[in-house]
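Notes follow once the structure below has been shown.
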Protein chains: 4
Amino acid sequence: MGKRGRKKGANGEKRRSLLLHIAAEEFSKNGYHETKISTIVQRANVTQPSFYLYFQSKEEIFKELVNLFHQKLLTLVQQSLLEKGLEKNSLEEKITGRITTIFSFFQEHPDLTQIGFYMANESKEIKSQIASQIEQNLREEQKNGYFRADIDMHTVAESLIGIIERLTKTKLLNGGTKPEKLANEIVRLLLYGMMS
Amino acid sequence: MGKRGRKKGANGEKRRSLLLHIAAEEFSKNGYHETKISTIVQRANVTQPSFYLYFQSKEEIFKELVNLFHQKLLTLVQQSLLEKGLEKNSLEEKITGRITTIFSFFQEHPDLTQIGFYMANESKEIKSQIASQIEQNLREEQKNGYFRADIDMHTVAESLIGIIERLTKTKLLNGGTKPEKLANEIVRLLLYGMMS
Amino acid sequence: MGKRGRKKGANGEKRRSLLLHIAAEEFSKNGYHETKISTIVQRANVTQPSFYLYFQSKEEIFKELVNLFHQKLLTLVQQSLLEKGLEKNSLEEKITGRITTIFSFFQEHPDLTQIGFYMANESKEIKSQIASQIEQNLREEQKNGYFRADIDMHTVAESLIGIIERLTKTKLLNGGTKPEKLANEIVRLLLYGMMS
Amino acid sequence: MGKRGRKKGANGEKRRSLLLHIAAEEFSKNGYHETKISTIVQRANVTQPSFYLYFQSKEEIFKELVNLFHQKLLTLVQQSLLEKGLEKNSLEEKITGRITTIFSFFQEHPDLTQIGFYMANESKEIKSQIASQIEQNLREEQKNGYFRADIDMHTVAESLIGIIERLTKTKLLNGGTKPEKLANEIVRLLLYGMMS
DNA sequence: TATGAATGAGAATTCATTCAT
DNA sequence: GATGAATGAATTCTCATTCAT
């Protein structure tokens, strides 16, 4: 009996989580509108009303996935700033480390990334937030004389987001390039430029 | 004679073009699925069947807009390579010129850009095509010794696309930054890097 | 001027007749509902409103084709009864001749036959009429002692119609069997039966 | 247990079957195109989407009816060949029995017959199949010397199908003539012919 | 808690037919 | 007489969501 009570909840959590997982896959693969609740529940071996036991609506489950992504990413970025190990590194290493972290995260959560970073309406704000975070860091370092003073760090931060956005799609998720390598390349490009 | 020549389609062409224009706005603003044929025709003061007089389906009109964008962009990029004026310029000026051209084009056709560069399935290929074009140019210039030999031009080209993609959204179409300024900033960034 | 007046009418007749011909083909091939006015006018190189210059509606042109078939068939059957040549023939030859006439007619007008004999609502009545005509003939001959008295000529007539109906489809229009041969076979079957 | 077993679908099956039944009536009465889903669901006291709960499309439900007819008819014809009772009968009785069986079936399922035997595209093949079955039987009996050797059994089989087709419409379904009587008449006609 | 069954609300598309010139 | 353009009126089908049990 006690068992029953616990079991139920546990099962419920499992189901919810399964639905969430499958939904992520479907949204990521097919987009919001092309994803059907019917498909999700079928894949989860659950009836349609059950779905609504766990989620209020299609939009709601989508939002939840977006928030999940957002949360995780935010935590990550904030932690990344605090990492002790970085302190001993050179500036280049530091920056590369941070970007690697982001790429790694994207690689580990391709579906969430696809949803939260590319498909959601909130993507805009999520990116802005990250961009803003990056900008702050860079400004700090610029103030410390590491970077040329005539560079607009807003543009740099936005550019970096753009690069990450693009390379994540073309080289990380598709091409399977390693996060470290990717980070390295773009940091060198941005730090030293292309001129010989 | 004049009458005869105009006989077929003058009016129809106008309607068609109006529908196309409105559709571009709607798709651009609301996305494919949220755009309803009913809205388009209402705005054009036409009945629904009229729509099907000019376009085979919702998908078809969307595709037409994507193709329009693709065509125009391709022409632009190819012309941009041939422009005489550029010959006398320095490398930096040349590259800046080319990127300015792209930004200007996007600015002139915000709806088409939104559709063809961001929303369409074909976007992937369109960007790849442009990236590939850019890569070729850069390689050439690299061969001529303008750029460091150890830089992977594929990554650079992709990065550039990413930057363009992002800045177009955040600074060009939204913020109203001038194409020239934008191009200038990113070219300087990529050529000389951030290091002081 | 006189020329013009005549020309117009002549052209009109030609067009009308062309439309009628094409319509027959389309109806025969695709059935009533699957046949689109748009297809007919396209094939005839005519605009849609022109169609309505010659025919009141889709139904009307279909009916006209049915009537055409009906008329021709009726004329044929009535003539067939009067044919002098038959008088000298034996009964078997006479009957065979009549049926051959019908098969030949169907073979010459496959589209009209398909429409009037198989597709139209009126088919029922057309067939009944022919059946009734045949029945009368047979009764006459029965009265004259040619046929067994205990045979119900209504059933025979209906059966004959059924046979004609079926063989026209399977052996005449499709298989290309000759009208004479077909008529011969079924007349011998009906007259002498299968028993050895 | 009983409850559990019934749990899934009892009600649904009823609805489905009701829809199927009504659809048969509508198709049979009005033909494929004139039959509207809206009419079917109205008559079944169900909303339109419910229809799509049970059938994929209008075409699908039509096909299902055709298959139903086909299946039943096939089973019937095959069983009819095996019937023990026939063995003791004379040839005439045997054949009459078989044809009676077919007529009876048509009489019991007038809507399915109308659909599967007259309206469907597959009708052609269904009839061919039956014709072929009949032909085989007759050939066998011909080989055994019951029938004249110079008779083409293909033509006979096709003729018989034609007769059945026609008499079913005019005398069985409309006129209400008894299957036995009908079968008797046509068998006698075909076996002994009309000549006195 | 779970599910079989149902539906409200809408969306795209089709086609015969007719204006207006 | 002819046509480019337009439309009224349907019709099939979809899908997220919710009853009733």
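The values are calculated or read from the model by the stated rules, or taken from the named source; none is laboratory data. Nothing here was measured: the structure is a model prediction, and the numbers come from that model. Every residue, glycine among them, receives a Cβ derived from its backbone with ideal geometry; neighbour counts consider all protein chains shown.
If I ask for residues that are touching a Leu at 6+ places or on another chain (Cβ under 8 Å) and crowded, with 18+ Cβ neighbours inside 10 Å, which ones from the stretch C:55-66 would you list?
Once the filter is applied, which keeps residues that are touching a Leu at 6+ places or on another chain (Cβ under 8 Å) and crowded, with 18+ Cβ neighbours inside 10 Å, the stretch C:55-66 yields C:Phe55, C:Ile61, C:Leu65.
Quick one: would you say B:Gln78 is modelled with pLDDT of 90 or more and either touching a Leu at 6+ places or on another chain (Cβ under 9 Å) or not in a loop (DSSP other than H, G, I, E, B) (or both)?
Criteria not met by B:Gln78.
What are the residues in the stretch B:6-19 that are under 24 Å from the mean Cα position of the chain (by Cα) and within 11 Å of DNA strand E (Cβ to nearest atom), if any?
None - no residue of the stretch B:6-19 is under 24 Å from the mean Cα position of the chain (by Cα) and within 11 Å of DNA strand E (Cβ to nearest atom), so the list stays empty.
If you go through the stretch A:56-70, how many residues are within 16 Å of DNA strand E (Cβ to nearest atom) and within 14 Å of chain B (Cβ to nearest Cβ)?
2
Of everything in the stretch A:157-170, what is at the interface with chain B (Cβ under 8 Å from one of its Cβ atoms) and in contact with a helix residue (DSSP H, G or I) (Cβ under 6 Å, 6 or more places away or on another chain)? Give them in sequence order.
Those that are at the interface with chain B (Cβ under 8 Å from one of its Cβ atoms) and in contact with a helix residue (DSSP H, G or I) (Cβ under 6 Å, 6 or more places away or on another chain): A:Glu158, A:Ser159, A:Ile161, A:Gly162, A:Ile163, A:Glu165, A:Arg166, A:Leu167, A:Thr170.
What residue, among those in the stretch A:20-44 that are within 13 Å of DNA strand E (Cβ to nearest atom) and part of a helix (DSSP H, G or I), is surrounded by the fewest Cβ atoms within 10 Å (Cβ to Cβ)?
Among those residues, the one meeting the criterion is A:Ser38.
Need the failing condition index for A:Phe69 against (1) modelled with pLDDT of 95 or more; (2) surrounded by 15 or more Cβ atoms within 10 Å (Cβ to Cβ); (3) within 16 Å of DNA strand F (Cβ to nearest atom), just the number.
For A:Phe69, the failing item is (3).
As an exercise: evaluate A:Glu108 against (1) surrounded by 14 or more Cβ atoms within 10 Å (Cβ to Cβ); (2) at pLDDT 95 or above and give the number of the one condition it does not meet.
The failed condition is (1).
What are the residue pairs meeting all of these: first residue in the stretch C:29-55, first residue within 14 Å of chain D (Cβ to nearest Cβ), second residue more than 8 Å from DNA strand E (Cβ to nearest atom), Cβ atoms under 7 Å, and 6 or more apart or on different chains?
C:Gly31/C:Met119; C:Tyr32/C:Phe62; C:Tyr32/C:Met119; C:His33/D:His33; C:Thr35/C:Glu26; C:Thr35/C:Phe27
If you check every pair at least six apart or on different chains, which have Cβ atoms under 6 Å apart with a residue in the stretch C:176-196 that is more than 8 Å from chain D (Cβ to nearest Cβ) first and a residue that is among the small types (Gly, Ala, Ser) second?
Taking only residues 6 or more apart or on different chains, the pairs are C:Pro179/C:Ser104.
Before we move on, is D:Thr96 within 14 Å of chain C (Cβ to nearest Cβ), of a type in the set (Ser, Thr, Tyr), in contact (Cβ under 8 Å) with a residue 60 or more places away in the chain and away from DNA strand F (no atom under 12 Å from the Cβ)?
Yes: the conditions hold for D:Thr96.
Suppose we keep only residues that are away from chain A (no Cβ under 14 Å) and of a type in the set (A, V, I, L, M, F, W, C) within the stretch B:8-28. Which one would you say is farthest from DNA strand F (Cβ to nearest atom)?
For the stretch B:8-28, the residue satisfying everything is B:Ala24.
Is it true that A:Thr47 is among the hydroxyl-bearing types (Ser, Thr, Tyr) and more than 16 Å from DNA strand E (Cβ to nearest atom)?
no
Can you tell me which of D:Glu83, D:Glu140 is more than 30 Å from C:Glu92 (Cα to Cα) and away from chain C (no Cβ under 13 Å)?
D:Glu83
State yes or no: is B:Ile115 under 16 Å from B:Leu76 (Cβ atoms), of a type outside the set (S, T, N, Q) and touching a residue at least 24 places away in the same chain (Cβ under 8 Å)?
No; evaluated as a whole, the condition is false for this residue.
Could you please let me know if B:Gly145 is within 7 Å of another protein chain (Cβ to nearest Cβ), small (Gly, Ala, Ser) and surrounded by 16 or more Cβ atoms within 10 Å (Cβ to Cβ)?
It is false that B:Gly145 is within 7 Å of another protein chain (Cβ to nearest Cβ), small (Gly, Ala, Ser) and surrounded by 16 or more Cβ atoms within 10 Å (Cβ to Cβ).
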